[in-house]
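All of the numbers you see were taken from the coordinates with simple rules; none came from a lab. None of these values were measured; they are calculated from a predicted model. We place every Cβ from the backbone using ideal geometry, glycine too, and count neighbours over all the protein chains shown.
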Amino acid sequence: MRFGDHIRNVRETLRKGDKKYSLRQVAIRVGVEPAYLSKIERNVFPPPSEEVIGKLSAELGEDRDVLLAMAGKLSGDLQQVILERPRLFADLIRQMKEAPDQAILRVVREVRDGNW
């Protein structure tokens, strides 16, 4: 599913239970013009900036990193981490490409807990 389709589906689902999720009201709360958000939702315009995606994720209750990935973007903080050691992170990500989720979760837990 494309970024705009996903945003529209989530917003429309929320709107069924609460009218404050109309396109116009969501656009105003995230600081964009309703016409701009409409064009994003219809995939006429590409996904917005990292800042707007962050506001949309908070407004719609979606994971910011997932929305950024759907938009083909990477958060600024992750970019900085990767830029500090690009070869190591590129190799790590390529090696993890085929790994099952359990293996990736185990690595994340070990790093988080400092068990190395």
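Show me the ranking of peptides 60-66, 92-98, 25-31 by mean Cβ neighbours inside 10 Å, starting with the highest.
In descending order of packing, they fall as 25-31, 60-66, 92-98.
Counting only Cα, what are the radius of gyration and maximum Cα-Cα distance Dmax of the chain, in Å?
17.3, 51
Add -39500 (n - 2.57) for each DSSP H run of 4 or more in the chain, then divide by its residues: what number comes out at 222 nm, to the nearest 500 deg cm²/dmol?
-21000 deg cm²/dmol
On full extension of the chain, what length is gained from Asp101 through Ile28, given 0.36 nm per residue of separation minus the C-alpha to C-alpha distance? Walk me through the intermediate numbers first.
Values: separation 73, 0.36 × 73 = 26.28 nm, distance 3.79 nm.
Gain on stretching Asp101 to Ile28: 22.5 nm.
Using only the alpha-carbon atoms of the range 25-83, report the extent along each of the three principal axes, biggest first, to the nearest angstrom.
36, 21, 15
For Lys16, list the lysines whose Cα falls under 30 Å from its own Cα; do not include residues on the same chain fewer than 8 positions away.
Cα-Cα hits under 30 Å: Lys39, Lys55, Lys73.
Explain nothing, just the number: dipole magnitude of the range 1-44 about its Cα centre with +1 on each Lys and Arg Cβ and -1 on each Asp and Glu Cβ, in debye rounded to the nearest 20.
Charge dipole, the range 1-44, about its Cα centre: 120 debye, nearest 20.
Just want to confirm a number: the relative contact order over the chain, from Cα pairs under 8 angstrom separated by 6+ residues, in percent.
Worked out over the chain, it gives 20 percent.
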